[in-house]
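The values are calculated or read from the model by the stated rules, or taken from the named source; none is laboratory data. Predicted model, so just to flag it, every value in this text is computed and none were measured. Backbone-built Cβ (ideal geometry, glycine too); neighbour counts: all protein chains shown. We work out accessible area using only protein heavy atoms, side chains counted, and drop any ligands, DNA or RNA first. Shrake-Rupley method; radii C 1.70, N 1.55, O 1.52, S 1.80 Å.
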Amino acid sequence: QCDWSSDVCSSDLVSLLYEGLTGRKIEEAEWEKVDGEFHRVYNERVGEAELTDGAIDTLESVLAAGQSQSLLSMYAHADLLKVVDRFRIGAHFSVVQGLVGPPGGLKSTHLGRHLEDLDRRGIDRRGVVMIGDTPDDANAAREQGLHCVLYDGGSHHLHDLEAVGVPVAGTISEAVEIASRS
């Protein structure tokens, strides 16, 4: 059980999961192997992924409303660009940014860099609302002073998302609707 408002818990969640599974602390050298294996399998299977129902219509509705949207992911940047190209959704985003450099780090740090990039492009961060699918997304948004809506379509259980204390949507279109009111 995790207090999702705790930065330590959210940033160390993966390590806590693996330590719980193995019954011991995972050493740094082991983490590199675990991370490498995770990404190997993820990259093998990412081609099987599909966009969530209503995603294209929702992306298009945001543009039709005259709003901008950007994409930030902890997935490696070059790999993220391939996925965005595969689904032909790049034109919907003013910025697409994946992880550059070594894996890991706090999502809030990556979000901060993303917001700085938006600032340089003239996009006022005061109007940014983050839509995420993990408690860590909500914590990163909070640390960066953003409103956040969580989407119940990712890897976390609904009760974990609701425990964070931000709105939770059942569909991506509902998440955008809630975000537009924030």
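Quick check for you: with a 1.4 Å probe and neighbouring chains kept, what is the accessible area per residue of the chain, in Å²?
Each residue of the chain exposes 60 Å² on average to a 1.4 Å probe.
For a paramagnetic label modelled at 7 Å from the Cα of SER61 toward its Cβ, which residues of the range 143-165 fall within the zone defined by backbone nitrogen distances under 19 Å?
Answer for the range 143-165: 148-154.
With just the Cα atoms of the range 87-182, tell me how far they stretch along each of the three principal axes, in Å, largest first.
Taking the Cα atoms of the range 87-182, the three principal extents are 36, 30, 29 Å.
Expressed as an acute angle from 0 to 90° and rounded to the nearest 10, what is the orientation of the C-alpha long axis of helix 172-181 relative to the principal long axis of the chain?
60
Would you please give the residues with an amide H less than 5 Å from that of VAL149, counting only those at least 5 places away or on a separate chain, with H modeled from the backbone geometry?
MET130, ILE131, GLY132
Treating cross-link reach as a plain straight distance, find the aspartates and glutamates whose alpha-carbon is under 16 Å from the alpha-carbon of LYS107, omitting any fewer than eight places away in the same chain.
Cα-Cα hits under 16 Å: ASP7, ASP12, GLU116, ASP117, ASP133, ASP136, ASP137, GLU143.
What ³J(HN,Hα) values, in whole Hz, does the Karplus curve 6.51 cos²θ - 1.76 cosθ + 1.60 give for the range 112-123 when θ = phi - 60°, with x put for Gly and Pro?
Those phi angles translate into x, 5, 4, 5, 4, 5, 4, 4, 4, 8, x, 9 Hz.
When a/c reaches 1.5 or more, the comparison of a/b and b/c decides; with that in mind, is the range 63-113 rounded, prolate or oblate per its Cα gyration tensor?
Numbers: a/c = 3.74, a/b = 1.46, b/c = 2.56.
Since a/c reaches 1.5 but b/c is at least a/b, the shape of the range 63-113 is classed as oblate.
Run the numbers on the chain and let me know its relative contact order in percent, using alpha-carbon pairs under 8 Å that are six or more apart.
After rounding, I find 19 percent.
Whole number please: convex hull volume per residue, Cα atoms of the chain, in Å³. Each step should come with its number before you reach the end.
Numbers: hull volume 22.6 nm³, N = 182.
Per-residue hull volume (Cα only) is 124 Å³.
For the range 92-182, with all protein chains present and a 1.4 Å probe, just round the carbon and sulfur fraction of the accessible area to a whole percent.
C and S fraction of accessible area: 50 percent.
Report the extension gain between HIS157 and ARG24 in nm, rounded to one decimal, defined as 0.36 nm multiplied by the number of residues separating them, less their alpha carbon distance.
45.4 nm
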